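The values are calculated or read from the model by the stated rules, or taken from the named source; none is laboratory data. All values reported here derive from a predicted model rather than from experimental measurement. Reconstructed Cβ throughout: ideal geometry from the backbone, glycine too, with neighbour counts over all protein chains shown.
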Amino acid sequence: MARARIADRAVPAGAVIVGAGPAGLCCAMHAAAGGRSVVVLEKNRAPLVKLALTGAGRCNITHAGPIDEFPPRYGCRARFVRPALFDFTNGDLVRLLARRGLGTVCEEDGRVFPATHDPADVHEALLAECAALPLEIRCAEPALRISAENGGFEVRTRRGKCRAGSLVIATGGLSYPRTGSTGDGYAFARTFGHAIVETGPALAPVIVREYRFAGCAGISIEDARIVVRRGSKQVRRSRGDLLFTHRGLSGPGMLDLSRDVRAGDTIAVSIVPFETEKECRGALDGDARAHGRRSIGQCLASLGVPARLAARILELAGIDPALKTSQTGKARRDLIASRLTRLEFTAARLGGFGEAMVTRGGVSTGEIDPRTMESRLAPGLYVVGETLDVDGDTGGYNLQWAFSSGAAAGRAIARSSRPVTA
Ligand SMILES: Cc1cc2nc3c(=O)[nH]c(=O)nc-3n(C[C@H](O)[C@H](O)[C@H](O)COP(=O)(O)OP(=O)(O)OC[C@H]3O[C@@H](n4cnc5c(N)ncnc54)[C@H](O)[C@@H]3O)c2cc1C
């Protein structure tokens, strides 16, 4: 594994980057490749700790779709993310890894993984890239306080001070705090007058009020249709894979919608491949006519509803799964069609930061230049990655954002005419 070099603390840097996650390291690479001396301060004993957990331990590094299809995946931040994503694309990221000998594979749904399916190889490739450049990563050295000094910046750590012309906040959000992301960057950004948009868990499972499907935990429905409603208003709808858990709903389809879910919202799920309740009702009627001796339980199985889930839905509807389809009658078939196409849950809350893959909210993007990630309030200060009020869908979009925003800042630092020392 590439090893971070030990810095001479007396020498001021062109840039100090706080946080050695994907955003911080990609920023460091681009600034250093452009001739700036760079120091990266990392709280953990090693860089890229969170990366090892990504993609269920396989590291879904990015998505293979055309880059102009990426922005809508970041909800209402679509416009903000565009310039950085277009300047450092999914293709650029794949080429960066390839340059270090790591191939990638793309799955049917477009998710891109390292060919070895091992995050440790991504880790190694990124650190090899860093090791070839004039940059230093100081691990186990958290930034404690940052301030503006003499036209540049000063960062205090337990071991002393670090000075630089440019300062990058790359401390991540609040998700999985045991990986080092504990929200320090918000306090740093506030020092310079930045507004922090209210944070909360995103890409998090939904905990359901009075959940009656705990016995169905582990069942997953492919390409379910999911609608989130608040009172009579539809908040968002989407399709995707849905997972029943012990406490509620998860799976990529639910996680992607979770940024818009609030306590008390209704989540209506269609678990059958019909566009409407009427179509589903038609299929049940057809089945009763063609296979009248078959049980309603078998009928639901033929529609692709997993047996345990079908049994629970029928039980809650007060219908015996052994009942012959010819004996179900119109009222029961209406009820079954409505449950299959509109199985309703009430959200109690989202899973906390300990189980949310990303953080919604963060440093307000209104005060950040989207081409460079430079603060509009404090020239020379940059904010990148998850610390910003940007969160993407599942599928590799969050790591791509971390890399793209980091590259944008790194390139801007390399171009900047700010003094190298503070
Ligand atoms: C379980 C899980 C699975 C995920 N899977 C995927 C996936 O498959 N694909 C995908 O695209 N995204 C995935 N994500 C999201 C993705 O990992 C993050 O969006 C991404 O890591 C954010 O990068 P970052 O560099 O902004 O922040 P981070 O990766 O959080 O890095 C921030 C770094 O800053 C350091 N730091 C914090 N405070 C200080 C301080 N005061 N001084 C010094 N250092 C500090 C932290 O220790 C940390 O190393 C997943 C997240 C989780 C939790």
Meets criteria (more than 30 Å from Arg45 (Cβ to Cβ) and surrounded by 15 or more Cβ atoms within 10 Å (Cβ to Cβ)) for Ser232: no
Among the helices (runs of 4 or more DSSP H) lying completely within the stretch 213-329, list those that include at least 1 residues that are under 21 Å from Gly395 (Cα atoms) and of a type in the set (Asp, Glu). 252-257
Does any residue of the stretch 252-264 turn out to be out of contact with any strand residue (DSSP E or B) (no Cβ under 7 Å at 6 or more places or on another chain) and without any contact (Cβ under 8 Å) to a residue 40 or more places away in the chain? no
Please work out which residue is nearest to Ser250 (Cα to Cα), limiting yourself to the stretch 340-377 and to residues that are in a loop (DSSP other than H, G, I, E, B) and touching a His at 6+ places or on another chain (Cβ under 8 Å). Ser364
Look at the stretch 366-422 and say how many of its residues are at positive phi, more than 8 Å from the ligand (Cβ to nearest atom) and within 18 Å of the chain's Cα centre (by Cα). 0
Would you say Ile296 is over 20 Å from Ser220 (Cβ atoms), crowded, with 16+ Cβ neighbours inside 10 Å and in contact with a Leu (Cβ under 6 Å, 6 or more places away or on another chain)? yes
With (1) surrounded by 15 or more Cβ atoms within 10 Å (Cβ to Cβ); (2) farther than 27 Å from Arg138 by Cβ; (3) more than 12 Å from the ligand (Cβ to nearest atom) as the list, and Ala98 as the residue in question, which single condition is left unmet? (1)
Please count how many residues of the stretch 193-227 are within 14 Å of the ligand (Cβ to nearest atom), crowded, with 23+ Cβ neighbours inside 10 Å and more than 12 Å from Met254 (Cα to Cα). 1
Between a residue in the stretch 182-194 that is in the same structural domain as Gly172 (by TED's automatic domain parsing) and closer than 16 Å to Ala23 by Cα and any residue that is near the ligand (Cβ under 9 Å from one of its atoms) and among the charged types (D, E, K, R), which pairs come within a Cβ distance under 9 Å, given they are 6 or more apart or on different chains? Thr182/Lys43; Asp184/Lys43; Gly185/Glu386
Gly91 - would you say it is assigned to a helix (DSSP H, G or I) and touching a residue at least 40 places away in the same chain (Cβ under 8 Å)? no
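Each row is one residue, and each column tells you yes or no for (1) closer than 25 Å to Arg229 by Cβ; (2) β-branched (Val, Ile, Thr); (3) surrounded by fewer than 16 Cβ atoms within 10 Å (Cβ to Cβ).
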residue: Ser338; (1), (2), (3): yes, no, yes
residue: Glu344; (1), (2), (3): yes, no, yes
residue: Gly354; (1), (2), (3): no, no, yes
residue: Thr359; (1), (2), (3): yes, yes, no
Matching residues in the stretch 67-80 - criterion: being part of a helix (DSSP H, G or I) and either under 20 Å from Leu388 (Cα atoms) or near the ligand (Cβ under 10 Å from one of its atoms) (or both): Pro71, Pro72, Arg73, Tyr74, Gly75, Cys76, Arg77, Ala78, Arg79, Phe80
Of the residues in the stretch 33-66, those that are more than 9 Å from the ligand (Cβ to nearest atom), farther than 22 Å from Ala148 by Cα and more than 18 Å from the chain's Cα centre (by Cα) come to Ala33, Gly34, Gly35, Arg45, Pro66
Considering only the stretch 275-285, I want to know if a residue exists there that is under 19 Å from Ile207 (Cα atoms) and surrounded by fewer than 18 Cβ atoms within 10 Å (Cβ to Cβ). no
Is it the case that the stretch 40-63 has a residue that's closer than 21 Å to Thr365 by Cβ, in the same structural domain as Glu136 (by TED's automatic domain parsing) and small (Gly, Ala, Ser)? no
Consider only pairs whose beta carbons are under 8 Å apart and that are at least six residues apart or on different chains; among these, list those whose first residue lies in the stretch 53-75 and is farther than 18 Å from His123 by Cα and free of Cβ contacts under 8 Å to residues at least 60 places away in the same chain and whose second residue is of a type in the set (Lys, Arg) and assigned to a strand (DSSP E or B). Ala64/Arg111
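For every residue, the table says whether it meets (1) out of contact with any strand residue (DSSP E or B) (no Cβ under 8 Å at 6 or more places or on another chain); (2) farther than 16 Å from Leu399 by Cα; (3) surrounded by fewer than 22 Cβ atoms within 10 Å (Cβ to Cβ); (4) in the same structural domain as Arg411 (by TED's automatic domain parsing).
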| position | (1), (2), (3), (4) |
| --- | --- |
| Asp87 | yes, no, yes, yes |
| Asp109 | yes, yes, yes, yes |
| Ala131 | yes, yes, yes, yes |
| Val155 | no, yes, no, yes |
Grab the strands (runs of 3 or more DSSP E) fully contained in the stretch 104-192, keeping just those with 1 or more residues being among the small types (Gly, Ala, Ser) and away from the ligand (no atom under 14 Å from the Cβ). 145-149, 152-157, 160-169
